[in-house]
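The block underneath contains the structure these notes are about, expressed in structure tokens.
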Amino acid sequence: MTTPLPADPPRMPVAEGVPAGWHRLHPLTPVVRAGSRLFALVAVLAFIALANQRQDSSEIVTDLVVIALALSGGFISWLVTRWQVADGVLRIDTGLIRRDSRRFPLSQVQAIDVVQSGLARILGLAELQLRVAGGDASRGGRLACLRRADAERLRAELLAYSTAARAVQAVSPGGGPVNGPIAPAEALDPATADPGTGAIPAGAAAIPERQLFRVRSGQLAVAIALSRPGAIAFAVVAAVTAFVAVTGKTAATATFLPTAIGIAATVWRWFNGEYGTTVSASPDGLRLNSGLIQTTAETIRPGRIQAIRLVEPVAWRPFGWCRLEVDVAGPRVRRESRGESGRLRALIPVGSKADAVQMLAAVLTSQPMPDKLVPRRVRFKAPLQYHFLAFGSDDNYVVSSDGRVTRTTTWIPLEKVQSVRWIQGPVQRLLGLSSVRLDVAGKRVTGAIEDRADAEARDLLMRLPDLARAARARSG
Amino acid sequence: MSAEPDDGLNWQRPSPKLLRCRRIQVALVTVLVALAVGLATASASSVAGAVSAVGVLVAGLVAERFLARRVASWGFAERNEDLMVRRGVMIRRQSVIPYGRMQYIDITAGPLERSLGLATLRMHTAAAASDARIPGLDQAVAAKLRDQLAALGETQAAGL
């Protein structure tokens, strides 16, 4: 860049809401860090003590020493950890033997979230997670744990500070515009900063977030019961009860126990993960909060969305429910198991069609609908899917729909297309058909335009890469 | 094989030695399987052993007939902005990979390929499903193609 340096460097605002100086985390942090392991340890020790029936004081002392040792690591870590907000930077110092000092410039903050694990929620604590632009997501800042109210207030202060700092930078020469389809409308309000000293008064309003959707727990429970894991769980329970009723051998049910536990765990994890899902629009993108026992928060920036999928399983169709998912590029959220990361992020775990339409309007810049149906001869090849196979496209997206039992509509942003493939199987060759597939980053979603007339498919194969390139050039 | 429209592109083919490489592979596998099957069924009766071994050999010969068509179907074409790769006889495939989307290119060669002086070139994008693979290139051709593609990829890099 050849722009000259500005004559006066922009005056960065000062955060007055956060008290100056170094702070410690909450004293109960070691307990939360030890987490469920501590519970298990205490339970085992209590059980042993009760079973032995001896209230020998030396035994109790030994038990307490064991518990203290388990907490000692967390306690030492708490002792040496301190944090400070100064000069527009959040500093977190930790480490006993090897000092680790991290600095997070607040003007580059991408997301600040307040999350709670189950134990933290019981104790009234919360963890503050900070993500900074350009940093490795796994090394974002973490303040674990603070009191819940303190954490919320700190988040509001830091967010207000960060927007003011970014507004100052955007106005000064050499600062770039804030980009993204959701950004401009939301208020970036530098007026909260005092023009004289640039100080932000304590308690300044955080960025207003417009809530787009919140899932209803009753709907979620019914939807999970009606889905495949729920159906399998019902089947297993029905089989076991039938078995017991017919043969009368209750002892044999123990063999079903591992399967039952596995399925129950899957269903529970699903419900726990998507309970209370709330999606709100913010200048940084879509903010996604969810969780029952353990809350997680995530910010989905519009540029990271690789594919959007609308799913309508057959069991939900009588109610008119559907599910909206997005595939997002980037590292996995911490604490996410591999099985969960195989599923897409659910913007709408279960909701009505009207909710889906509203969310699609917020996520997509334009909404092509699949209106080009497949030729009649596809009936011979895919009689069940025939009515649902279709595709559509415009300058920004390619949308395709398919599905036998589960109707799926997939939007693929053209600028995210990695490669385009044309496939023709032997049956398709007989019928003069072929398919086109669009690949995006990752391995979870592929846009599939199935069973088009051969000439049309070849034409798509030639045209789509050019359209994708044009879309990439437009998005810069 | 019904004529595949060339779309006016300059389709290049892998080296003719690829057919020889595939033939050797099929021969090796057929002989080994015939031996194994023959020995296994010879315990029942030596006639059955001989018959099953001959059966496997016949299957190998039939497979070899199809080899020529499969090898002939591999092709690649360098266009201005992307690379096209086609393959397959029963299931025909054609891939288009923009140069700017190429994340990395690697060249591998198994022991049989190496002894014939061939190599396989693979292009990877950020999508796991992208399959652009050109087997049976002469090693010099493969190296030159890799350098060309890498240079084009860098000038048109588009990342994620």
In terms of Cα to Cα distance under 27 Å, which lysines are near enough to A:LYS353, apart from those fewer than 8 places away along the same chain?
-> A:LYS372, A:LYS416
Per-residue HN-Hα couplings for the stretch B:88-103 [Karplus 6.51, -1.76, 1.60; θ = phi - 60°; Hz; x = Gly/Pro] = x, 10, 5, 10, 8, 10, 9, 10, 10, 10, x, 4, x, 8, 6, 7
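Checking the a/c ratio against 1.5 first, then a/b against b/c, what shape does the Cα gyration tensor give for the stretch A:88-157? List each step's numbers first, then the result.
Values: a/c = 1.89, a/b = 1.30, b/c = 1.45.
Since a/c reaches 1.5 but b/c is at least a/b, the shape of the stretch A:88-157 is classed as oblate.
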How big is the shadow of the Cα convex hull of the stretch B:31-126, averaged over all directions, in nm²?
-> 9.0
quick shape note, the stretch A:252-316: Cα extents on principal axes in Å, largest first -> 57, 30, 19
Enumerate the amide H contacts of A:LEU212 below 5 Å, restricted to partners 5 or more residues apart or on another chain; note that Pro and chain-start residues carry no placed amide H.
-> A:VAL279, A:SER280, A:ALA281
Hz values of 3J(HN,Hα) by residue in the stretch A:111-124 - Karplus curve (6.51, -1.76, 1.60), Gly and Pro given as x | 7, 10, 10, 10, 10, 9, 8, x, 5, 5, 5, 5, 7, x
Would you grab the residues whose amide H sits under 5 Å from the one on B:LEU83? Only those 5+ places off in sequence or on another chain, please, with H modelled 1.01 Å from N.
-> B:ILE97, B:TYR99
For A:ALA448, enumerate residues with amide H under 5 Å from its amide H, sequence gap 5+ or separate chain, H modeled in the peptide plane.
-> A:LEU438
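Net charge within 11 Å of A:THR408 by Cβ-Cβ distance, Lys/Arg positive one each and Asp/Glu negative one each, not counting A:THR408 itself?
Working: positive: A:ARG309, A:ARG323, A:ARG404, A:ARG407; negative: A:GLU312, A:GLU325, A:ASP402.
Here the count lands on +1.
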Sparse-neighbourhood loop hits (chymotrypsin sites (Phe, Trp or Tyr not before Pro), the stretch A:380-476; DSSP loop; Cβ within 10 Å at most 11 others) -> none
Determine ³J(HN,Hα), in whole Hz, for all residues of the stretch A:268-278 in sequence, where each value follows from phi through the Karplus function 6.51 cos²θ - 1.76 cosθ + 1.60 and θ = phi - 60°; x replaces Gly and Pro.
-> 5, 4, 5, 5, 4, x, 10, 5, x, 4, 10
Taking K and R as +1 and D and E as -1, what net charge do the other residues with C-beta under 14 Å from the C-beta of B:VAL58 add up to?
-> 0
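The protein assembly as shown: D in µm²/s via Stokes-Einstein (Kirkwood Rh, Cα pairs, 4 °C, 1.567 mPa s)? Can you show the working numbers first?
Numbers: Rh = 29.8 Å.
Translational diffusion coefficient: 44 µm²/s.
Measure off, as a whole percent, the carbon and sulfur share of the 1.4 Å-probe accessible area of chain B, all protein chains present.
Working: 5200 of 8420 Å².
Within chain B, the accessible surface is 62 percent carbon and sulfur.
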Helix B:139-155 sits at what angle to the longest principal axis of chain B, using alpha carbons and giving 0 to 90 degrees rounded to 10?
-> 40
Summed buried accessible area for A+B [probe radius 1.4 Å, Å², rounded to 100] = 2200
Roughly what angle does helix B:46-73 make with the longest principal axis of chain B, taking Cα atoms, 0 to 90 degrees, to the nearest 10?
-> 20
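With only alpha-carbon atoms in the gyration tensor, what are the semi-axes of the equivalent ellipsoid for the stretch A:356-476, in Å, largest first?
Numbers: eigenvalues 117, 62, 27 Å².
So the three semi-axes of the stretch A:356-476 are 24, 18, 12 Å.
The values are calculated or read from the model by the stated rules, or taken from the named source; none is laboratory data. All figures in this text were calculated on a predicted structure; none of them were measured in a lab. We place every Cβ from the backbone using ideal geometry, glycine too, and count neighbours over all the protein chains shown. For accessibility, only protein heavy atoms count, side chains too; no ligands or nucleic acids. Shrake-Rupley method; radii C 1.70, N 1.55, O 1.52, S 1.80 Å.
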